[in-house]
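Worksheet: the structure to be examined is printed underneath.
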Amino acid sequence: VDRVSADGGKLTYRDLSSATPTEYVLQDLELLLRDVRLGQTPNLHVATLVQPFNLPVKLDGTFGPLRETMDIDAINFQLGMGKTEFTITGNAAGNDATVNISSPGINTANLPMSLPLKQPVEIRDLKIIAEIKGQEAKLNSLSFRLFDGEVKGQGKMIAGAEVPPFKGSVALQGLQLGPALKAVSETPVSISGTTGADLSLQGKGFSMPDLTKALEGTGHLAVKDGKIEGVNILQEVADALKVAGISMGDAKATAFSTVETDLAIKQGVINVQRLLMDSHDFQATGGGTVGFDQKLNLIVNLNLSQDVSQKISAASPVVKIAM
(Lines give C-alpha, C1' and ligand atoms only; values in the text may rest on other atoms or scores of the structure.)
Protein backbone atom coordinates (compact mmCIF):
# COMPACT_ATOMS: atom_id res chain seq x y z
CA VAL A 1 0.00 0.00 0.00
CA ASP A 2 1.54 3.30 -1.05
CA ARG A 3 -0.91 5.67 0.63
CA VAL A 4 -4.00 5.50 2.86
CA SER A 5 -5.64 8.74 3.96
CA ALA A 6 -8.77 9.94 5.71
CA ASP A 7 -9.81 13.55 6.18
CA GLY A 8 -12.61 15.07 8.25
CA GLY A 9 -13.33 11.73 9.88
CA LYS A 10 -15.33 11.03 13.04
CA LEU A 11 -14.98 8.05 15.37
CA THR A 12 -17.38 7.48 18.27
CA TYR A 13 -16.79 5.09 21.16
CA ARG A 14 -19.46 4.31 23.75
CA ASP A 15 -18.52 2.69 27.05
CA LEU A 16 -21.61 0.72 28.13
CA SER A 17 -19.93 -1.11 31.02
CA SER A 18 -20.95 1.45 33.67
CA ALA A 19 -24.40 2.37 34.94
CA THR A 20 -24.09 5.73 33.18
CA PRO A 21 -22.80 5.11 29.62
CA THR A 22 -19.94 7.38 28.53
CA GLU A 23 -19.32 8.53 24.98
CA TYR A 24 -15.98 9.62 23.53
CA VAL A 25 -15.67 11.19 20.08
CA LEU A 26 -12.64 11.75 17.85
CA GLN A 27 -13.61 14.79 15.79
CA ASP A 28 -11.95 16.17 12.64
CA LEU A 29 -9.91 12.99 12.33
CA GLU A 30 -6.94 13.10 9.96
CA LEU A 31 -5.11 9.90 9.00
CA LEU A 32 -2.24 9.49 6.57
CA LEU A 33 -0.30 6.22 6.23
CA ARG A 34 2.41 5.83 3.60
CA ASP A 35 4.93 3.23 2.35
CA VAL A 36 3.33 0.08 3.77
CA ARG A 37 5.34 -2.73 2.18
CA LEU A 38 7.86 -5.35 3.27
CA GLY A 39 11.34 -3.94 3.74
CA GLN A 40 10.04 -0.36 3.97
CA THR A 41 9.47 1.89 6.99
CA PRO A 42 5.87 3.19 7.02
CA ASN A 43 5.16 6.80 7.89
CA LEU A 44 2.11 7.59 10.06
CA HIS A 45 0.28 10.86 10.75
CA VAL A 46 -2.83 11.08 12.95
CA ALA A 47 -4.52 14.25 14.22
CA THR A 48 -7.86 14.64 15.96
CA LEU A 49 -9.83 16.51 18.62
CA VAL A 50 -10.89 14.27 21.53
CA GLN A 51 -14.25 15.02 23.12
CA PRO A 52 -15.57 15.57 25.79
CA PHE A 53 -12.08 16.76 26.83
CA ASN A 54 -11.74 19.18 23.88
CA LEU A 55 -8.17 17.87 23.66
CA PRO A 56 -6.19 18.10 20.40
CA VAL A 57 -4.06 14.98 19.85
CA LYS A 58 -1.39 14.59 17.18
CA LEU A 59 0.85 11.61 16.37
CA ASP A 60 3.63 11.65 13.79
CA GLY A 61 6.42 9.17 13.12
CA THR A 62 7.65 5.95 11.59
CA PHE A 63 7.78 2.24 12.41
CA GLY A 64 9.66 -0.54 10.66
CA PRO A 65 11.08 -1.80 8.49
CA LEU A 66 8.17 -4.21 7.97
CA ARG A 67 8.91 -7.94 8.09
CA GLU A 68 6.85 -11.05 7.46
CA THR A 69 7.24 -11.92 11.15
CA MET A 70 5.62 -8.58 12.14
CA ASP A 71 8.75 -7.72 14.15
CA ILE A 72 9.54 -3.99 14.20
CA ASP A 73 13.16 -2.95 14.62
CA ALA A 74 12.48 0.72 15.35
CA ILE A 75 9.52 2.81 16.50
CA ASN A 76 9.90 6.61 16.39
CA PHE A 77 6.91 8.80 17.21
CA GLN A 78 6.16 12.32 18.39
CA LEU A 79 2.92 12.50 20.38
CA GLY A 80 1.23 15.78 21.19
CA MET A 81 -1.64 15.95 23.69
CA GLY A 82 -2.78 19.54 24.00
CA LYS A 83 0.25 21.48 25.24
CA THR A 84 2.19 18.35 26.24
CA GLU A 85 4.75 16.72 23.93
CA PHE A 86 6.10 13.15 24.18
CA THR A 87 8.86 11.36 22.26
CA ILE A 88 8.24 7.61 21.91
CA THR A 89 10.85 5.15 20.66
CA GLY A 90 11.31 1.39 20.90
CA ASN A 91 11.00 -1.93 19.11
CA ALA A 92 8.77 -5.02 19.06
CA ALA A 93 9.28 -8.73 18.44
CA GLY A 94 6.39 -11.17 18.74
CA ASN A 95 4.58 -10.54 22.04
CA ASP A 96 7.52 -8.61 23.46
CA ALA A 97 8.30 -4.90 23.16
CA THR A 98 10.56 -2.19 24.56
CA VAL A 99 9.32 1.39 24.82
CA ASN A 100 11.12 4.62 25.75
CA ILE A 101 9.02 7.69 26.56
CA SER A 102 10.32 11.18 27.33
CA SER A 103 8.84 14.64 27.77
CA PRO A 104 10.49 17.96 28.64
CA GLY A 105 7.54 19.09 30.74
CA ILE A 106 4.04 18.08 31.82
CA ASN A 107 1.59 20.39 33.57
CA THR A 108 -1.22 18.49 35.28
CA ALA A 109 -3.64 21.29 34.36
CA ASN A 110 -3.25 20.22 30.71
CA LEU A 111 -4.04 16.52 31.28
CA PRO A 112 -7.48 15.17 30.27
CA MET A 113 -8.25 13.80 33.72
CA SER A 114 -9.16 15.06 37.15
CA LEU A 115 -6.46 14.54 39.77
CA PRO A 116 -6.75 14.95 43.58
CA LEU A 117 -4.69 18.16 43.52
CA LYS A 118 -5.46 21.59 44.95
CA GLN A 119 -3.27 23.31 42.33
CA PRO A 120 -1.50 22.33 39.09
CA VAL A 121 1.83 20.51 39.33
CA GLU A 122 4.73 20.80 36.87
CA ILE A 123 6.68 17.61 36.04
CA ARG A 124 10.04 18.14 34.30
CA ASP A 125 12.39 15.89 32.31
CA LEU A 126 10.18 12.79 32.31
CA LYS A 127 11.99 9.63 31.14
CA ILE A 128 10.47 6.14 31.05
CA ILE A 129 12.05 2.88 29.90
CA ALA A 130 9.51 0.04 29.86
CA GLU A 131 9.56 -3.55 28.68
CA ILE A 132 6.67 -5.91 27.87
CA LYS A 133 7.16 -9.67 27.84
CA GLY A 134 3.91 -11.53 27.39
CA GLN A 135 1.64 -10.41 30.24
CA GLU A 136 4.45 -8.94 32.31
CA ALA A 137 4.96 -5.19 32.03
CA LYS A 138 8.29 -4.13 33.52
CA LEU A 139 9.19 -0.54 34.31
CA ASN A 140 12.98 -0.67 34.04
CA SER A 141 13.46 3.01 34.79
CA LEU A 142 11.32 6.03 35.64
CA SER A 143 12.73 9.47 36.42
CA PHE A 144 11.44 13.04 36.53
CA ARG A 145 11.96 16.31 38.38
CA LEU A 146 9.26 17.54 40.74
CA PHE A 147 9.24 20.44 43.24
CA ASP A 148 12.97 21.09 42.66
CA GLY A 149 13.78 17.46 43.46
CA GLU A 150 14.31 14.23 41.56
CA VAL A 151 12.09 11.15 41.60
CA LYS A 152 13.32 7.74 40.41
CA GLY A 153 11.46 4.44 40.32
CA GLN A 154 11.17 0.97 38.87
CA GLY A 155 8.71 -1.91 39.07
CA LYS A 156 6.69 -4.54 37.30
CA MET A 157 3.05 -5.56 36.88
CA ILE A 158 1.28 -8.69 35.63
CA ALA A 159 -1.51 -7.69 33.23
CA GLY A 160 -4.64 -9.67 32.46
CA ALA A 161 -6.05 -9.97 35.98
CA GLU A 162 -8.98 -7.85 37.16
CA VAL A 163 -6.82 -6.77 40.09
CA PRO A 164 -3.27 -6.79 38.62
CA PRO A 165 -0.43 -7.53 41.06
CA PHE A 166 2.52 -5.14 41.08
CA LYS A 167 5.73 -4.38 42.95
CA GLY A 168 8.29 -1.62 42.73
CA SER A 169 10.47 0.96 44.42
CA VAL A 170 10.60 4.76 44.52
CA ALA A 171 13.41 7.11 45.58
CA LEU A 172 13.02 10.86 46.21
CA GLN A 173 15.90 13.29 46.56
CA GLY A 174 15.91 17.05 47.12
CA LEU A 175 12.11 17.46 46.88
CA GLN A 176 10.72 20.62 48.50
CA LEU A 177 8.05 19.42 50.91
CA GLY A 178 6.20 22.73 51.39
CA PRO A 179 5.00 23.21 47.79
CA ALA A 180 4.32 19.47 47.49
CA LEU A 181 1.96 19.45 50.48
CA LYS A 182 0.20 22.63 49.33
CA ALA A 183 -0.51 20.94 46.00
CA VAL A 184 -2.36 18.02 47.61
CA SER A 185 -4.05 19.55 50.68
CA GLU A 186 -5.10 22.73 52.42
CA THR A 187 -4.49 22.52 56.17
CA PRO A 188 -3.82 25.07 58.93
CA VAL A 189 -0.51 23.30 59.66
CA SER A 190 2.08 22.81 56.91
CA ILE A 191 5.64 21.47 56.83
CA SER A 192 8.52 22.74 54.69
CA GLY A 193 12.00 21.36 54.12
CA THR A 194 14.14 19.37 51.71
CA THR A 195 12.92 15.78 51.51
CA GLY A 196 14.49 12.44 50.65
CA ALA A 197 12.82 9.04 50.77
CA ASP A 198 13.22 5.41 49.73
CA LEU A 199 10.13 3.18 49.43
CA SER A 200 9.59 -0.44 48.37
CA LEU A 201 5.99 -1.34 47.61
CA GLN A 202 3.86 -4.25 46.42
CA GLY A 203 0.14 -4.79 46.07
CA LYS A 204 -2.80 -5.68 43.86
CA GLY A 205 -4.99 -3.17 42.03
CA PHE A 206 -4.86 0.61 42.01
CA SER A 207 -8.23 1.70 43.44
CA MET A 208 -8.27 2.98 47.02
CA PRO A 209 -10.15 -0.10 48.35
CA ASP A 210 -7.61 -2.40 46.64
CA LEU A 211 -4.65 -0.37 47.93
CA THR A 212 -6.08 -0.28 51.45
CA LYS A 213 -6.49 -4.04 51.42
CA ALA A 214 -3.34 -5.23 49.64
CA LEU A 215 -0.66 -2.50 49.56
CA GLU A 216 2.43 -3.40 51.61
CA GLY A 217 5.82 -1.76 51.82
CA THR A 218 8.71 -0.40 53.83
CA GLY A 219 10.80 2.72 53.56
CA HIS A 220 12.68 5.59 55.11
CA LEU A 221 11.79 9.30 55.06
CA ALA A 222 13.95 12.29 55.99
CA VAL A 223 13.26 16.05 55.94
CA LYS A 224 16.14 18.47 56.45
CA ASP A 225 16.23 22.15 57.45
CA GLY A 226 12.49 22.66 57.64
CA LYS A 227 9.76 24.43 59.52
CA ILE A 228 6.32 23.50 60.83
CA GLU A 229 4.07 26.44 59.97
CA GLY A 230 0.98 26.95 62.11
CA VAL A 231 2.19 25.61 65.45
CA ASN A 232 4.95 26.43 67.95
CA ILE A 233 5.75 23.22 69.82
CA LEU A 234 7.73 24.99 72.56
CA GLN A 235 4.90 27.46 73.14
CA GLU A 236 2.52 24.51 73.41
CA VAL A 237 4.81 23.02 76.09
CA ALA A 238 4.91 26.31 78.00
CA ASP A 239 1.11 26.60 77.84
CA ALA A 240 0.69 22.99 78.98
CA LEU A 241 2.93 23.69 81.99
CA LYS A 242 0.84 26.81 82.68
CA VAL A 243 3.86 29.09 82.36
CA ALA A 244 2.38 32.55 81.81
CA GLY A 245 4.01 35.55 80.20
CA ILE A 246 6.77 33.68 78.37
CA SER A 247 7.43 33.88 74.63
CA MET A 248 9.09 30.96 72.88
CA GLY A 249 10.27 32.48 69.59
CA ASP A 250 8.06 32.56 66.48
CA ALA A 251 4.47 32.47 67.69
CA LYS A 252 3.22 30.24 64.87
CA ALA A 253 6.17 28.16 63.65
CA THR A 254 8.65 25.49 64.76
CA ALA A 255 12.02 25.24 63.04
CA PHE A 256 13.88 21.90 62.90
CA SER A 257 17.11 20.58 61.43
CA THR A 258 16.00 16.98 60.86
CA VAL A 259 12.89 14.80 60.84
CA GLU A 260 13.56 11.13 60.11
CA THR A 261 11.44 8.00 60.36
CA ASP A 262 11.16 4.43 59.13
CA LEU A 263 7.84 3.46 57.55
CA ALA A 264 5.94 0.18 57.19
CA ILE A 265 2.67 0.00 55.22
CA LYS A 266 0.07 -2.74 55.64
CA GLN A 267 -3.74 -2.97 55.35
CA GLY A 268 -4.29 0.76 54.99
CA VAL A 269 -2.07 1.78 57.90
CA ILE A 270 1.34 3.48 57.79
CA ASN A 271 3.39 2.47 60.83
CA VAL A 272 5.76 5.29 61.82
CA GLN A 273 8.79 3.69 63.47
CA ARG A 274 11.76 5.29 65.21
CA LEU A 275 10.59 8.84 64.56
CA LEU A 276 13.29 11.43 65.31
CA MET A 277 12.82 15.19 65.20
CA ASP A 278 15.89 17.28 66.00
CA SER A 279 15.91 21.02 66.64
CA HIS A 280 18.18 23.58 68.26
CA ASP A 281 15.77 23.78 71.21
CA PHE A 282 14.50 20.20 71.57
CA GLN A 283 14.66 16.60 70.40
CA ALA A 284 11.56 14.47 69.88
CA THR A 285 11.39 10.68 69.51
CA GLY A 286 8.48 8.31 69.15
CA GLY A 287 6.21 6.53 66.71
CA GLY A 288 2.66 5.46 65.95
CA THR A 289 0.30 5.05 63.02
CA VAL A 290 -1.20 7.11 60.21
CA GLY A 291 -4.20 5.58 58.41
CA PHE A 292 -5.25 5.89 54.78
CA ASP A 293 -8.50 7.17 56.36
CA GLN A 294 -6.43 10.09 57.78
CA LYS A 295 -6.64 8.86 61.38
CA LEU A 296 -3.50 9.75 63.31
CA ASN A 297 -2.13 8.10 66.45
CA LEU A 298 1.39 9.14 67.42
CA ILE A 299 3.14 9.12 70.81
CA VAL A 300 6.19 11.38 71.03
CA ASN A 301 8.66 12.04 73.84
CA LEU A 302 9.94 15.61 73.89
CA ASN A 303 13.33 16.45 75.43
CA LEU A 304 13.98 20.18 75.81
CA SER A 305 17.42 21.73 75.56
CA GLN A 306 19.06 22.99 78.75
CA ASP A 307 18.59 26.64 77.72
CA VAL A 308 14.87 26.21 77.08
CA SER A 309 14.41 24.19 80.27
CA GLN A 310 16.09 26.91 82.34
CA LYS A 311 14.00 29.62 80.64
CA ILE A 312 10.76 27.83 81.49
CA SER A 313 11.82 26.92 85.04
CA ALA A 314 12.85 30.53 85.72
CA ALA A 315 9.31 31.65 84.96
CA SER A 316 7.56 28.96 86.99
CA PRO A 317 8.35 27.93 90.59
CA VAL A 318 6.46 24.65 90.07
CA VAL A 319 8.56 23.73 87.01
CA LYS A 320 11.72 24.80 88.85
CA ILE A 321 10.94 22.30 91.63
CA ALA A 322 10.27 19.59 89.03
CA MET A 323 13.59 20.35 87.37
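The values are calculated or read from the model by the stated rules, or taken from the named source; none is laboratory data. In this text, all values refer to a predicted model and were calculated from it rather than measured experimentally. FYI the Cβ positions are ideal-geometry reconstructions off the backbone, even for glycines, and counts take in every protein chain you see. All accessible areas refer to the heavy atoms of the entire protein, side chains included, with ligands and DNA or RNA removed. Shrake-Rupley method; radii C 1.70, N 1.55, O 1.52, S 1.80 Å.
Please give the number of the condition THR218 fails out of (1) among the hydroxyl-bearing types (Ser, Thr, Tyr); (2) open to solvent by less than 60 Å² (accessible area, probe 1.4 Å); (3) at pLDDT 90 or above.
Failing condition for THR218: (2).
If you check every pair at least six apart or on different chains, which have Cβ atoms under 7 Å apart with a residue in the stretch 293-322 that is closer than 14 Å to MET248 by Cα first and a residue that is open to solvent by 70 Å² or more (accessible area, probe 1.4 Å) and modelled with pLDDT under 85 second?
Filtered contacts from the stretch 293-322: SER309/MET323; ILE312/LEU241; SER313/LYS320; SER313/MET323; ALA315/GLY245.
Looking only at the stretch 109-119, how many residues end up being assigned to a loop (DSSP other than H, G, I, E, B), open to solvent by less than 80 Å² (accessible area, probe 1.4 Å) and either under 13 Å from GLY82 (Cβ atoms) or touching a residue at least 24 places away in the same chain (Cβ under 8 Å) (or both)?
Result for the stretch 109-119: 3.
Taking the condition closer than 28 Å to VAL151 by Cα, among the hydroxyl-bearing types (Ser, Thr, Tyr) and touching a residue at least 24 places away in the same chain (Cβ under 8 Å), does THR289 pass?
When the stated conditions are applied, THR289 does not pass them.
With the structure loaded, tell me whether SER207 is under 30 Å from ILE75 (Cα atoms) and either of a type in the set (Ser, Thr, Tyr) or in contact (Cβ under 8 Å) with a residue 60 or more places away in the chain (or both) or whether it fails that test.
It is false that SER207 is under 30 Å from ILE75 (Cα atoms) and either of a type in the set (Ser, Thr, Tyr) or in contact (Cβ under 8 Å) with a residue 60 or more places away in the chain (or both).
Please state which of the following conditions LEU302 fails to meet, knowing it meets all the rest: (1) open to solvent by 50 Å² or more (accessible area, probe 1.4 Å); (2) out of contact with any Phe, Trp or Tyr (no Cβ under 8 Å at 6 or more places or on another chain).
Of everything listed in (1) open to solvent by 50 Å² or more (accessible area, probe 1.4 Å); (2) out of contact with any Phe, Trp or Tyr (no Cβ under 8 Å at 6 or more places or on another chain), LEU302 misses just condition (2).
If PHE147 satisfies all but one of (1) of a type in the set (A, V, I, L, M, F, W, C); (2) on the phi < 0 side of the Ramachandran plot; (3) surrounded by 16 or more Cβ atoms within 10 Å (Cβ to Cβ), what's the number of the condition it fails?
Tallying (1) of a type in the set (A, V, I, L, M, F, W, C); (2) on the phi < 0 side of the Ramachandran plot; (3) surrounded by 16 or more Cβ atoms within 10 Å (Cβ to Cβ), PHE147 fails exactly one: (2).
Taking the options VAL269, VAL189, name whichever one is aliphatic (A, V, I, L, M), under 19 Å from ASP293 (Cα atoms), surrounded by fewer than 18 Cβ atoms within 10 Å (Cβ to Cβ) and free of Cβ contacts under 8 Å to residues at least 40 places away in the same chain.
Answer to the check: VAL269.
Sort out which residues of the stretch 272-292 are crowded, with 17+ Cβ neighbours inside 10 Å and closer than 23 Å to ASP210 by Cα, and write them in order of number.
VAL272
Within the group GLU131, GLU85, which residue is charged (D, E, K, R), under 30 Å from LEU181 (Cβ atoms) and in a strand (DSSP E or B)?
Only one candidate passes the filter, namely GLU85.
Every residue, every condition in (1) in a strand (DSSP E or B); (2) polar (S, T, N, Q); (3) more than 29 Å from LYS133 (Cβ to Cβ), yes or no:
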position: HIS45; (1), (2), (3): yes, no, yes
position: LEU49; (1), (2), (3): yes, no, yes
position: PRO56; (1), (2), (3): yes, no, yes
position: LEU59; (1), (2), (3): yes, no, no
position: THR62; (1), (2), (3): yes, yes, no
position: THR69; (1), (2), (3): no, yes, no
position: ILE75; (1), (2), (3): yes, no, no
position: LEU79; (1), (2), (3): yes, no, no
position: ALA92; (1), (2), (3): yes, no, no
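May I ask you to verify whether LYS213 is closer than 26 Å to PRO116 by Cβ and either under 21 Å from the mean Cα position of the chain (by Cα) or in a helix (DSSP H, G or I) (or both)?
So LYS213 passes the test.
For the stretch 78-103, give me each residue that is open to solvent by 30 Å² or more (accessible area, probe 1.4 Å), over 18 Å from ASP125 (Cβ atoms) and touching an Asp or Glu at 6+ places or on another chain (Cβ under 8 Å).
Within the stretch 78-103, ASN91, ALA93, GLY94, ASP96, THR98 qualify.
Kindly check whether there is at least one residue in the stretch 250-257 that is surrounded by fewer than 16 Cβ atoms within 10 Å (Cβ to Cβ) and either within 19 Å of ASP198 (Cα to Cα) or at pLDDT 95 or above (or both).
yes
Hey, among the residues in the stretch 232-246 that are surrounded by 16 or more Cβ atoms within 10 Å (Cβ to Cβ) and out of contact with any helix residue (DSSP H, G or I) (no Cβ under 8 Å at 6 or more places or on another chain), which one's modelled with the lowest pLDDT?
GLN235
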